[in-house]
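Below is one structure, written out as structure tokens, with a few remarks after it.
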Amino acid sequence: MQKRFEGKTAIITGASGGIGAAMAKRFAAEGAAVVISAIDPGVDEVAAGLKAAGAKVASMRMDVTKKDEVEALYDLAEKEFGRVDISVQNAGVITIAKIEAMTESEWDKVMAVNTKGVFLCCQEAIARMRKHGQGGRLINTASGQARQGFIYTPHYAASKFGVVGITQSLAKEVAKEKITVNAICPGIIDTDMWTYNDTAWGKLLGDYKPGELMAEWVKNIPMGRAGSGEDVSGLVSFLASDDAAYITGQTINVDGGLIMS
Ligand SMILES: NC(=O)c1ccc[n+]([C@@H]2O[C@H](COP(=O)([O-])OP(=O)(O)OC[C@H]3O[C@@H](n4cnc5c(N)ncnc54)[C@H](O)[C@@H]3O)[C@@H](O)[C@H]2O)c1
């Protein structure tokens with residue numbers, strides 16, 4: 001694979017598995033030093049795997065909703081690799097509940113991780129990139145639910161629409177500093193999150209057995225398959241590359257054609 005990120009450092013949150021781990025693998029394969037984080041210990045295993053494959057990698061268990069922990073993550077990147085060039089705000093959570101059952105704490109947690117977490121990481125990334133003066137790339141993981149809210153997830157839809165708002169606002173603020181800010185909207189991607197979705201939505205929408213709801217929804221994808229972390233990583237790698245230097249403030253679907261707007 002072309003080493004187009006040689007000498008660059010990429011921070012990826014939510015990289016203990018699923019989409020974030022695939023992004024870390026892709027950036028490492030393309031020569032970047034990667035700093036990966038997650039709230040669960042799986043992130044250290046992902047880091048060990050990347051290290052064993054020869055990557056430059058550091059990892060941290062942290063919570064993207066806590067400003068001091070976000071600062072510590074960016075400090076780690078600078079301490080280990082000297083700079084931050086690419087920052088992918090990918091950590092996210094979902095719950096699924098009918099409106100009468102949805103708790104205030106569910107609302108607060110989803111908004112805190114998915115929206116405030118993106119804001120805090122973007123804030124820190126921009127500060128570090130400004131200090132270095134060589135521009136940078138911010139990529140925020142939104143969702144198909146930033147295009148259209150799905151049933152039983154008003155908090156998640158609100159949180160991901162919020163990610164698009166953050167992306168557009170910050171893109172305008174930093175545009176003259178060669179820092180681009182873009183968002184991505186994965187569709188149905190086969191990760192642990194989707195396994196939860198399949199079970200939780202399946203229970204509320206009918207008497208679905210494991211995997212049945214996902215199979216039904218996949219039938220609506222024009223390409224006829226669920227996505228993978230690798231499908232998403234290809235887009236993220238492009239947005240982080242020199243080829244995407246003139247693209248900012250955009251929100252791009254990566255969903256096999258599920259949503260065409
Ligand atoms: N899987 C899908 O179909 C799908 C679709 C659209 C968008 N997304 C988004 O993609 C991103 C990755 O999802 P995934 O499918 O890989 O899910 P996942 O559940 O496999 O991974 C979520 C990651 O977020 C981390 N995380 C959760 N709370 C955190 C916190 N407070 N602080 C730091 N890290 C935290 C977890 O540790 C984990 O690494 C999420 O933002 C999700 O909303 C996923």
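The values are calculated or read from the model by the stated rules, or taken from the named source; none is laboratory data. As the structure is a computational prediction, the values presented were derived from the model and not from experiment. Please note: Cβ atoms are built from the backbone with ideal geometry, for glycine as well, and neighbour counts cover all protein chains shown. Accessible surface is based on the protein model in full, side chains and every heavy atom, while ligands, DNA and RNA are left aside. Shrake-Rupley method; radii C 1.70, N 1.55, O 1.52, S 1.80 Å.
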Helix 42-52 sits at what angle to the longest principal axis of the chain, using alpha carbons and giving 0 to 90 degrees rounded to 10?
50
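Would you mind calculating the gained length between S169 and K56 on full extension (0.36 nm times residue separation, minus the Cα-Cα distance), in nm to one decimal?
The S169-K56 span can extend by a further 37.4 nm.
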Counting only protein heavy atoms with a 1.4 Å probe and every protein chain in place, the carbon and sulfur fraction of the accessible surface of the chain in whole percent equals 54
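Which entries in K8/K172; K116/K209; K131/K172; K79/K109 show an alpha-carbon gap greater than 26 Å?
With Cα atoms farther than 26 Å apart: K116/K209; K79/K109.
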With every protein chain kept in place and ligands, DNA and RNA left out, what is the accessible area per residue of the range 14-57? Probe 1.4 Å, answer in Å².
37
Work out from phi, with θ = phi - 60° and the Karplus expression 6.51 cos²θ - 1.76 cosθ + 1.60, the ³J(HN,Hα) of each residue of the range 111-122, listed in order in whole Hz, and give x for Gly and Pro.
5, 5, 6, 6, 10, 4, x, 5, 4, 4, 5, 4
Helix 192-205 axis, angle to the chain major axis (alpha carbon atoms, nearest 10°):
20
Any chance you could check the Cα centroid distance between the range 95-150 and the range 1-44 for me, in angstrom?
18
Taking R0 as 25 Å, what's the FRET efficiency between R225 and A101 from their Cβ-Cβ distance, rounded to 0.05?
0.20
Given a 1.4 angstrom probe, what's the average accessible area per residue across the range 100-252, in square angstrom?
49
Helix-only mean residue ellipticity at 222 nm for the chain, each DSSP H run of n ≥ 4 adding -39500 (n - 2.57), per residue, nearest 500:
-14000 deg cm²/dmol
Dipole size in debye (nearest 20) for the chain around its Cα centre, Lys and Arg Cβ +1, Asp and Glu Cβ -1?
700
Considering only protein heavy atoms, what is the solvent-accessible area of E177 at a probe of 1.4 Å, reported in Å² to the nearest 10?
70
Residues whose placed amide H lies under 5 Å from that of I189, excluding near-sequence neighbours
G227
